[in-house]
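Notes follow once the structure below has been shown.
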Amino acid sequence: MSTNTLKTALLLGLMSAVLLIGGEAMGGRQGLYMGLGFAVLMNFASYFFSDKIALAMYHAQPVNETEHPEVFQRLAPMVGNLCRRMNLPMPRLYVIAEQSPNAFATGRNPAHASVAVTAGVLQLMSDSELEGVLAHELGHVLHRDILISSVAATLAAAITMLARMAFWFGGSRDDDRRGGAGGGILMMILAPIAAMLIQMAISRSREYDADAASAKYVGSPYPLIAGLKKLESESKRIPMDATQATAHMFIIQPFTGQTLMRLFSTHPSTEERIARLQAIR
């Protein structure tokens, strides 16, 4: 079993445990059964459909010769050349109608990978900078960490939704639904934090690895360095309507103005990433 497969299994187990504990806290034995059913459903959905869920959350549109042909003519040659260098199959390409510049890769393996870019990143980047950004995203595909990222996004969103549902549970005197308001409030507070901490644990080092892959396969670290500088500046100038559950998927932490998202950052600092890239010879 590969390291990333083991990490994915561990992540699914941890997220499932939160769902089970949270269900019991909110509704006693009945809540535990509901949490178990929800965990089974979400594990299945997150493995097979997490990429589609993530793309749908941002209303990503397919890019091909008939859908967004101008974007396709710019992206396809770059991605095709990089895939040949990395020995990867061609991923599906998507564009997000969002002015804040960003990008992410998703999918359960290289054969089922997708790369999505925002309209903002297409407008902001020169061709060389865009190639550096795309190489970073394909680095995630190459390292097979897109499944972990996609699963985390789906399950974290599910746990956060369950925590919000805690407002509507509790207070029953039925022994099968013991747990009450206190358990619901505890779930509401702790579940999103647990989801974010797990996301942080799987995200930070993989960004360095994908940065290094970009430098290797582009042939220089400087296109990505220039791209990261622009992303850092413009993402603050044009905040993105992103969710905490999916923040770790993007090449740079989406800046939303929300204090909680800044506190639980899923990315290393851009300054540190640039410093590491500059050290590459």
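We did not get these values from a lab; they are worked out from the coordinates using the rules stated. Since the model is a prediction, treat every value here as computed from it, not as a measurement. As a convention, Cβ positions derive from the backbone with ideal geometry for all residues, glycine included, and neighbour counts pool all protein chains shown.
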Please rank S16, S220, fewest neighbouring Cβ atoms within 10 Å first, as an exposure proxy. S220, S16
Applied in sequence order to segment 52-64, the curve 6.51 cos²θ - 1.76 cosθ + 1.60 (Karplus, θ = phi - 60°) yields integer Hz couplings, x standing for Gly and Pro, of 5, 5, 4, 5, 5, 4, 10, 6, 5, 10, x, 10, 8
For the residues T243, T106, what sequence is obtained by ranking on other C-beta atoms within 10 Å, fewest first? T243, T106
If neighbour count is taken as other Cβ atoms inside 10 Å, put S269, S114 in order from fewest to most. S269, S114
